[in-house]
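The values are calculated or read from the model by the stated rules, or taken from the named source; none is laboratory data. Given the structure is predicted, the values throughout are model-derived calculations rather than measurements. Here the Cβ is made from the backbone with ideal geometry for all residues, glycine too, and neighbour counts use every protein chain on show.
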Amino acid sequence: MTSVAPDQTPLPAGSPTASPLIVLAGATGALGLLIAHHLRQRGVHVRALVRPGAGTRAEAASLQLQGIDVREVNYDSVADLTEACAGAACVVSALSGLREVIVEAQSRLLEAAVAAGVPRFIPSDFSADFTRLPEGSNRNFDLRREFQRRLDAAPIQATSILNGMFMELLKGQAPVVLQGPRRILYWGSADQPLDFTTMVNTAEFTAAAALDPTTPRYLRVAGDVASPRELQAAAQAATGKPFKLLRPGGLGAFGVVIKLTKALAPAPNEVFPPWQGMQYMHNMFSGQAKLHPLDNARYPGIRWTSVRELLTASQGRS
């Protein structure tokens, strides 16, 4: 295991100036970088775990500039991970991938956290509420559910943070707010509430939760809750232009489209092939993955970004 930044070893327990150590896996991803930033804003010691060779990349350099201890670790080695987890108050995972990562690598990270005596673990579950969905309705959620069973059997306090869809996807990646034709694309009901949270808000909430020893098994947050009809109003207010609702069909028809897309372009080794994104949208439009109750008020200092604010800011940069 290689350390590529000055040691950030926490002060001895009981010291009046002691600050907790948070170990962060997946720290060089989009969400991980934001979590690391918000942890440092809270004055926390952060140890970021990266794969061998990643310690020299730009993302790792940005972490080091914030005073973060960047450690190159072998994710296939529980012993290596155990050493990296030593002294942590909480291990936070922002890892992204398929079964090899979400189930297997996270399981080794979990085993290491337990072996190192870490009291708390936050898995990479950042999503809609997969706990309410049936098996087989979403491949990526099934992987999280598989890891969930291992996590719940481990002798460690676990907290999953569920945030709906990352709101930034509404700027174009998720085919819902169609800026060109000025349409709101939806399946099923135009009045189905949908949960959206920016990555920044998700990261800020996660940083607060990592320092909170009283967190329950699940925390559910949504920066904004909006139906397709309310998305229409938000898009019109943000752009000053009229948007129309576009409903290709009901949820049954959407399910057929998903099966056809998966058959024609399976892409089994991609984390987010087109059919996977469709599965996610189906879960949300069905209402089964709706977050309830919401825990937004748990950390009062967070200011939640609305869909209208996000779309307005996007207009300003276009």
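Does Ser124 satisfy the criteria of being at pLDDT 95 or above, closer than 18 Å to Ala289 by Cα, in contact with a Ser or Thr (Cβ under 7 Å, 6 or more places away or on another chain) and of a type in the set (Gly, Ala, Ser)? Give the steps one after another, and end with the answer.
On the way: at pLDDT 95 or above: yes; closer than 18 Å to Ala289 by Cα: yes; in contact with a Ser or Thr (Cβ under 7 Å, 6 or more places away or on another chain): yes; of a type in the set (Gly, Ala, Ser): yes.
For Ser124, the condition - at pLDDT 95 or above, closer than 18 Å to Ala289 by Cα, in contact with a Ser or Thr (Cβ under 7 Å, 6 or more places away or on another chain) and of a type in the set (Gly, Ala, Ser) - is met.
Farther than 20 Å from Val221 by Cβ and among the basic types (Lys, Arg): does that describe Arg144? Don't jump to the end; show me each part of the working.
On the way: farther than 20 Å from Val221 by Cβ: no; among the basic types (Lys, Arg): yes.
No: the conditions fail for Arg144.
Only one of (1) farther than 17 Å from Thr305 by Cβ; (2) surrounded by 23 or more Cβ atoms within 10 Å (Cβ to Cβ); (3) among the acidic types (Asp, Glu) is not met by Glu204, so which one is it?
Just one mismatch for Glu204, condition (1).
Taking interchain pairs and intrachain pairs at least six residues apart, which have beta carbon atoms under 6 angstrom, with the first residue in the stretch 235-263 and in contact (Cβ under 8 Å) with a residue 12 or more places away in the chain and farther than 24 Å from Leu311 by Cα and the second aromatic (Phe, Trp, Tyr) and surrounded by 13 or more Cβ atoms within 10 Å (Cβ to Cβ)?
Matching pairs, first to second residue: Leu251/Trp187; Phe254/Trp187; Ile258/Trp275; Thr261/Trp275; Lys262/Trp275.
Within the stretch 163-177, does at least one residue satisfy the condition of being touching a residue at least 12 places away in the same chain (Cβ under 8 Å), more than 28 Å from Leu34 (Cα to Cα) and part of a helix (DSSP H, G or I)?
no
What residue, among those in the stretch 16-55 that are in contact (Cβ under 8 Å) with a residue 40 or more places away in the chain and assigned to a loop (DSSP other than H, G, I, E, B), is farthest from Arg71 (Cα to Cα)?
Arg42
Kindly list the number of the only condition in (1) within 27 Å of Asp152 (Cβ to Cβ); (2) modelled with pLDDT under 95 that fails for Gly301.
Exception for Gly301: condition (1).
How many residues does the stretch 61-82 hold that are more than 18 Å from Glu104 (Cα to Cα), surrounded by fewer than 22 Cβ atoms within 10 Å (Cβ to Cβ), in contact with a helix residue (DSSP H, G or I) (Cβ under 6 Å, 6 or more places away or on another chain) and not charged (D, E, K, R)?
1
Look through the stretch 112-144, keep the residues that are in contact (Cβ under 8 Å) with a residue 40 or more places away in the chain and of a type in the set (A, V, I, L, M), and return whichever of them is farthest from Glu270 (Cα to Cα).
Selected residue: Val118.
Restricting attention to the stretch 17-35, does a residue exist that is modelled with pLDDT under 95, farther than 20 Å from Ala208 by Cα and of a type outside the set (Asp, Glu)?
no
Mind listing whichever residues of the stretch 45-72 are touching a Ser or Thr at 6+ places or on another chain (Cβ under 8 Å), within 15 Å of Cys85 (Cβ to Cβ) and among the charged types (D, E, K, R)?
Of everything in the stretch 45-72, those that are touching a Ser or Thr at 6+ places or on another chain (Cβ under 8 Å), within 15 Å of Cys85 (Cβ to Cβ) and among the charged types (D, E, K, R) turn out to be Asp69, Arg71, Glu72.
Conditions (1) surrounded by 22 or more Cβ atoms within 10 Å (Cβ to Cβ); (2) under 24 Å from Thr261 (Cα atoms), marked per residue:
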site	(1), (2)
Phe121	yes, no
Thr131	no, no
Ala154	no, no
Lys171	no, yes
Tyr186	yes, yes
Ser189	no, yes
Thr197	yes, no
Thr214	no, no
Pro228	yes, yes
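For the stretch 273-290, which positions are of a type in the set (Phe, Trp, Tyr) and touching a residue at least 40 places away in the same chain (Cβ under 8 Å)? Spell out how you get there, then give the answer.
Within the stretch 273-290, the subset of a type in the set (Phe, Trp, Tyr) is 275, 280, 285.
Listed by number, the residues that qualify are Tyr280, Phe285.
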